[in-house]
Amino acid sequence: MMGVPTCQQVTALLTELEEGALGPLAWAGVRFHLGLCPPCQAFLRSLRRARVVARDCLLEEPAPGPVADRALSGALALLRQGRLPAGPSHHPAPEAWRALGTNPDAPAALLLRAHLGWCGVCRAGQGADLALEAEGAPVPRSLRALLPPEDQWHWVRRGLGGARIARVGMDAATGASLNLVQMPAAGLVPTHRHLGVETTLVLAGGLQDGPADLRAGDWISHAAGTCHGPETLPGEACWALVLLEGPLQFTGWRRWVT
């Protein structure tokens, strides 16, 4: 395995990692990626917890029905009790909502308002007054009205593996940039490392980011230092609104041309 592996490569190798079946180079690449990627860390914790649950279910006193039925019933019971990890959250963290209370047209607030347009759960908790309607994919009409005119979207493609990105806003107070990203269906975003927080809201299509399966309206945030290479799902191009609080650094040859 050369360079830093992607989230897909790492999650496919976690079983071998746990069983000690990786060679030294693959082991080093997986461990390095895990040190930088919170979603893959969470996936590994879930994998370990699932193994414990399966073992505990199989060690219980025999009950009527096949072993598989008993194991499934036990896992479902633990899930209902909240004793299994919930998996990646596709909603903003509680502290993120503070951005709505300052300037509702600031880049961070626009992401929150667009998410509210899709998410009934968050509308119930935060209110619907500032929600942007989700109609008009791939970029909803309500969101488009708050962005610069389309003829001012200056798309950049160089080194992005078929994707393109356009800066559509800037937060003068924080220096964070708001960006529209379009990625072809069934594509791979080149592996890159974030030097600041990255927050992504999927607008159309789908995105697989490590264990997170993201569809229109879903939200994900990555801390500074995260290294990942998301994949787009088959079917239609993926559009996303991305807030970057710092630059990103591609691995390999793209580091020198982007």
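The values are calculated or read from the model by the stated rules, or taken from the named source; none is laboratory data. Keep in mind it's a predicted model, so treat the numbers as computed, not measured. All Cβ positions, glycine included, derive from the backbone under ideal geometry; neighbour counts span all protein chains shown.
Annotations
- Residue pairs whose Cβ atoms lie under 9 Å apart, sitting 6 or more positions apart in sequence or on different chains, and linking a residue in region 236-250 that is in the same structural domain as Glu198 (by TED's automatic domain parsing) and in contact (Cβ under 8 Å) with a residue 12 or more places away in the chain to a partner that is in a strand (DSSP E or B) and among the acidic types (Asp, Glu), are Val242/Glu198; Leu243/Glu198; Leu244/Glu198; Glu245/Glu198; Gly246/Glu198; Leu248/Glu198.
- Candidates Ala50, Ala106 - the one that is more than 30 Å from Leu132 (Cα to Cα), aliphatic (A, V, I, L, M) and modelled with pLDDT of 60 or more: Ala50
- Residue in region 199-209 that is crowded, with 17+ Cβ neighbours inside 10 Å and either touching a His at 6+ places or on another chain (Cβ under 6 Å) or basic (Lys, Arg) (or both) present: yes
- All of Leu243, Leu178, Leu214 fail the test of being modelled with pLDDT of 90 or more, part of a strand (DSSP E or B) and under 26 Å from Arg45 (Cα atoms), apart from Leu214.
- Hits in region 127-154 - residues which are polar (S, T, N, Q) and exposed (fewer than 13 other Cβ atoms within 10 Å of the Cβ): Gln152
- Members of region 223-240 that are in a strand (DSSP E or B) and out of contact with any strand residue (DSSP E or B) (no Cβ under 6 Å at 6 or more places or on another chain): His228
- When Arg167, Arg144 are checked against the criterion of being out of contact with any helix residue (DSSP H, G or I) (no Cβ under 9 Å at 6 or more places or on another chain), basic (Lys, Arg) and within 30 Å of Glu133 (Cβ to Cβ), Arg167 stands alone in meeting it.
- Ser142 passes every criterion in (1) within 30 Å of Phe250 (Cβ to Cβ); (2) at pLDDT 95 or above apart from (1).
- Hits in region 246-255 - residues which are outside any loop (DSSP other than H, G, I, E, B) and more than 23 Å from Gly175 (Cα to Cα): Gly252, Trp253, Arg254
- Region 155-164: number of residues that are surrounded by 11 or more Cβ atoms within 10 Å (Cβ to Cβ), assigned to a loop (DSSP other than H, G, I, E, B) and either of a type outside the set (A, V, I, L, M) or in contact with a helix residue (DSSP H, G or I) (Cβ under 9 Å, 6 or more places away or on another chain) (or both): 5
- Considering each residue of region 133-154 in turn, none proves to be farther than 16 Å from Val202 by Cβ and under 20 Å from the mean Cα position of the chain (by Cα).
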